[in-house]
Amino acid sequence: MNDIELDEMLNQWAVPPAGAELRERVQAGFFSRPKRRWFPPVGWKGLFAGVATAAVLFLVVTAAAFPSVLSSPSPALRPPYVAMSNVTEYAKDGSSRLESTVYSYSYKGNEIVRMEMDPDDRIHQAIINIHASMHLLLLRFVPNVVMPESSARDAWFSAYVKSGCVDKGDVVIGHEKVLTHETTVIQNTGMPRARLGDGYDGWRWTGWLAPDLGCFPLRTRNEELVSGVYRLTKERDTVGVMARGSDTSIYP
Amino acid sequence: MNRDEYLQLFDEHHLPLYRFAYRMTGSVADAEDIVQECFLELLRPGCSYDAKRTPIRTYLFGVVRNQSLKRVGQGALPVVESATAHTPECDVLRTELERTVALAVTQLPEGQKEALILAHYEQMPLAEIARVMEIEVTAVKSRLQRARAHLKETLAAYVAGPERKR
């Protein structure tokens, strides 16, 4: 067989026509084409790394731009005690679940959360971990930004503790001893904020505040007023107070 | 690239690409899928096509080649569909010859098959074949010669048959 004969034989192999819809398929592909991603997809780990990097960058830039802002760690990071409290949530049908366990303390009227654990919700756990870490990081590096110290604040806090943790407008309904600590029982009521979907007519908050713990709430009750009756929605009970005993200077 | 430019590109190139894909895989459905994939590749955000370095035709043939090799590698040997088999009045001998040629070509070793299809059926210059196959021009020549020699042997009996009958 010579080359011409081979070419003639090869030419016997024809190709069936392509389907008429091929052009439409390709055209449809144009409209549903993937859009350019300017950033690679990130998972939870990537998101966490991004947030952490941004926080560090923020601190570095802040330190460089405002040297006076960056100061020594806040005294709020030296707790004399840590209280362990259980937060229980109540549904409308009366059922309850342990929402979280909180390790915290009070510093000049603010509650500082060192750790919070939600055993049933990993996403909530991740969010509170990030939030608590960021807050502690900011207190460590830029305390004047997140919790500025001032003599006016010290004076208010001193008076607040001396009054037995009663602030302006608070209603005292009694005194009780909780976990060996004397407490003042405060009860405040109010109306819901004007927004859709609240579904209740008012709220009531009751707190058992211990002056010797910087007015830390050893017990709280949150209630909603529905049809003239208060329904318990959330309660928090401190089950133990662990003394750290290092610094009591934050108390008057 | 807007829609009109994209469709113009399709209209200009899809037929030779489809023929190449069909002859590589032996399947109309696979060939259509490959051509579709080939044009979608151009829209992919990370598309590697660089107009300054490679002519679009060469790039598209390269994509079709890779896709075809992937499909042929995944499945069994291609079953060749005849272009004329469904016509009632077609010549039985012609159909048989077509199948024989198709089988002989598709059973060539991959490198030889690609070189032969591009050179003979698509009339592609050797230099361009070399770029599509990512090999040297001398290697293309060598594979082409071996493919033709192989086919001459395989198909010789078919040519000799009628002559012997005479």
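Values computed for the structure shown
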read-out	value
√(5λ) per eigenvalue of the Cα gyration tensor, segment A:164-238, largest first, Å	26, 13, 10
Shielding by other protein chains, A:178-190, mean Cβ within 10 Å	0
Sequence of B:52, A:108 from largest to smallest accessible area, 1.4 Å probe	B:52, A:108
Interface burial for A against B (accessible surface, 1.4 Å probe, total of both chains, Å², rounded to 100)	3500
Burial of 40 Å² or greater, segment B:1-30 residues [accessible area, probe 1.4 Å, versus chain by itself]	B:3, B:6, B:7, B:10, B:18, B:22, B:23
About the Cα centre, charge dipole magnitude for segment A:164-238 (Lys/Arg +1, Asp/Glu -1 at Cβ), debye	200
Probe 1.4 Å - accessible area at residue A:181, Å² to nearest ten	30
Segment A:110-240, dipole about Cα centre (Lys/Arg Cβ +1, Asp/Glu Cβ -1), debye to the nearest 20	180
Placed amide H near residue A:114: partners under 5 Å, 5+ positions off or other chain	A:103, A:104, A:105
Derived scalar couplings ³J(HN,Hα) [segment B:42-50; Karplus, 6.51 cos²θ - 1.76 cosθ + 1.60; whole Hz; x for Gly, Pro]	5, 8, 4, x, x, 4, 8, 5, 10
Hull-based mean projected area of segment A:92-177, where the convex hull spans the alpha carbons, in square nanometres	8.8
Dipole of segment A:121-188, positive end: most advanced residue of A:123, A:169, A:185 [Cβ charges, Cα centre]	A:123
Protection proxy ranking of A:90-103, A:218-231, B:100-113 - average other beta-carbon atoms within 10 Å, highest first	B:100-113, A:218-231, A:90-103
Rounded accessible area of residue A:84 (nearest 10 Å², 1.4 Å probe)	50
Of A:177/A:234; A:92/A:234; A:45/B:70; A:108/A:234; B:70/B:152, those spanning more than 23 Å from alpha-carbon to alpha-carbon	A:45/B:70; A:108/A:234; B:70/B:152
Heavy atoms of residue B:150 accessible to a 1.4 Å probe, total area in Å² rounded to 10	80
Residue mean of other protein chain beta carbons inside 10 Å, B:34-46	4
Positive-end residue of B:46, B:36, B:26, charge dipole of segment B:22-78 with Cβ unit charges	B:46
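The values are calculated or read from the model by the stated rules, or taken from the named source; none is laboratory data. Worth saying up front: this structure is predicted, and the values here are computed from it rather than measured. We place every Cβ from the backbone using ideal geometry, glycine too, and count neighbours over all the protein chains shown. Each accessible area value is taken on the protein alone, full model and side chains, heavy atoms only, with ligands, DNA and RNA left out. Shrake-Rupley method; radii C 1.70, N 1.55, O 1.52, S 1.80 Å.
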